[in-house]
Amino acid sequence: MSPKKEDYVIDGGVLHANKVMLHDQDLMFDAACNQLLECTEADLIVDLTNSTYINSTYVGILAATFFQARARNKTLRLRASTQVAQVLRAAGFEEFIPIEEVVA
């Protein structure tokens with residue numbers, strides 16, 4: 001399945017990931033995260049509630065985005081489905097990034 005621009009949509013300071021986080025979309029997700037960092041809002045959210053899977057590449061992109069946001073005096077929060085929130089917690093994200101779990 002080819003990535004499409006609407007797979008990652010920025011609305012204000014919120015990046016909505018509208019697809020399962022597959023390898024063929026990681027560069028597009030990285031670009032969307034970089035675009036999110038350019039927003040004027042100081043409080044940023046990556047919304048992963050429409051995803052039920054995330055791999056280690058995306059976990060790394062999220063970590064890098066968090067540290068880049070912090071360097072710009074911005075905050076980053078994550079909103080995630082139960083499945084993705086479990087992976088992020090297992091990776092230790094909850095120690096430095098707030099995770100809001102959205103139960104479908």
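Below, the figures for the structure above:
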| item | result |
| --- | --- |
| Computed lengthening from ASP11 to ASN50, 0.36 nm per intervening residue step minus Cα-Cα distance | 12.5 nm |
| Where the chain is the region considered: accessible area per residue in Å², 1.4 Å probe | 53 |
| For the chain: relative contact order, % (alpha-carbon pairs under 8 angstrom, 6 or more apart) | 25 |
| Relative contact order for segment 64-104, counting Cα pairs under 8 Å that sit 6 or more residues apart, in percent | 44 |
| The chain - percent of accessible surface contributed by carbon and sulfur, probe 1.4 Å | 54 |
| Rounded to 5, the percent of DSSP beta bridges in the chain classed as antiparallel | 25 |
| Long-range HN-HN contacts of ARG77 with modeled amide H, under 5 Å | LEU44, ILE45, VAL46 |
| Computed [θ] at 222 nm, helices only, for the chain once each DSSP H run of length n ≥ 4 contributes -39500 (n - 2.57) | -11000 deg cm²/dmol |
| Under-5 Å amide H pairs with SER51, H placed in peptide plane, nonlocal only | SER81 |
| Around GLY60: net Lys/Arg minus Asp/Glu count, Cβ-Cβ under 12 Å | -2 |
| Environment charge of LEU88, counting only residues whose C-beta is closer than 14 Å and scoring Lys/Arg +1, Asp/Glu -1 | -2 |
| Pairwise FRET efficiency - GLU101 versus THR40, Cβ, R0 = 25 Å, nearest 0.05 | 0.35 |
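The values are calculated or read from the model by the stated rules, or taken from the named source; none is laboratory data. Because the structure is predicted, anything quoted here is derived from the model rather than measured. Note that we place each Cβ from the backbone using ideal geometry, even for glycine, and neighbour counts take in every protein chain shown. For accessibility, only protein heavy atoms count, side chains too; no ligands or nucleic acids. Shrake-Rupley method; radii C 1.70, N 1.55, O 1.52, S 1.80 Å.
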